[in-house]
Amino acid sequence: QVQLVESGGGLVQSGGSLRLSCAASGRTFRISAMGWFRQTPGKEREFVAQIIWSGGSTYYADSVKGRFTISRDNAKNTVYLQMNSLKPEDTAAYYCAAARGVLGLTEPKRYDYWGQGTQVTVSS
């Protein structure tokens, strides 16, 4: 099994920045890619960003492109989401996820392990 623990959420004003962290433990050799998703009450989980563990290639949702950056530290088995120029519509619970494959990573069903989530609230 793989365990994921997110941290770094909080309350920030519009235009501000936050950095989320997701530390992986356990059978981390199973991880091929990691992603960030977000969800607001009553809505489906929405893809935010992904990173391939080997090589580090990334992909972003259009809504965050140019504002958010996903990165990883292989030695620490940790993935980060740097969020800049935050907007009120970025308010959501943010979830880290890990996948054993590398296909279809914009879909939640492609991920095998999930963190507990961390709340990000952006005030206007």
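The values are calculated or read from the model by the stated rules, or taken from the named source; none is laboratory data. Not measured: the values here are computed from a predicted model. Here the Cβ is made from the backbone with ideal geometry for all residues, glycine too, and neighbour counts use every protein chain on show. Side chains are part of the model used for accessible areas, which takes the heavy atoms of the whole protein and leaves out ligands, DNA and RNA. Shrake-Rupley method; radii C 1.70, N 1.55, O 1.52, S 1.80 Å.
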Those residues of the stretch 69-90 which are open to solvent by 30 Å² or more (accessible area, probe 1.4 Å) and in a strand (DSSP E or B) amount to 69, 71, 72, 73, 80, 82
Using the structure shown, decide if residue 106 is at pLDDT 95 or above, in a loop (DSSP other than H, G, I, E, B), surrounded by fewer than 22 Cβ atoms within 10 Å (Cβ to Cβ) and of a type in the set (S, T, N, Q).
yes
Step by step: first the residues of the stretch 17-29, then only those that are open to solvent by less than 40 Å² (accessible area, probe 1.4 Å) and in a strand (DSSP E or B), then the one that is nearest to residue 121 (Cα to Cα). Which residue is that?
18
What are the pairs with Cβ atoms under 6 angstrom where one residue, in the stretch 55-67, is on the phi < 0 side of the Ramachandran plot and the other, located anywhere, is part of a strand (DSSP E or B) and open to solvent by less than 70 Å² (accessible area, probe 1.4 Å)? Sequence gap at least six, or different chains.
58/51; 58/70; 59/50; 60/49; 61/47; 61/48; 64/48
Looking only at residues that are of a type in the set (A, V, I, L, M, F, W, C) and over 13 Å from the mean Cα position of the chain (by Cα) in the stretch 13-52, which one is farthest from residue 108 (Cα to Cα)?
29
Scanning the stretch 1-11 for residues that are open to solvent by 30 Å² or more (accessible area, probe 1.4 Å) and part of a strand (DSSP E or B), which turns out nearest to residue 123 (Cα to Cα)?
11
Tell me the residue from 14, 32 that is open to solvent by 30 Å² or more (accessible area, probe 1.4 Å), in contact (Cβ under 8 Å) with a residue 60 or more places away in the chain and closer than 15 Å to residue 121 by Cα, please.
14
Scan the stretch 53-68 for residues that are surrounded by fewer than 17 Cβ atoms within 10 Å (Cβ to Cβ) and either farther than 16 Å from residue 98 by Cα or β-branched (Val, Ile, Thr) (or both) and jot them down.
58, 61, 62, 63, 65, 66, 67
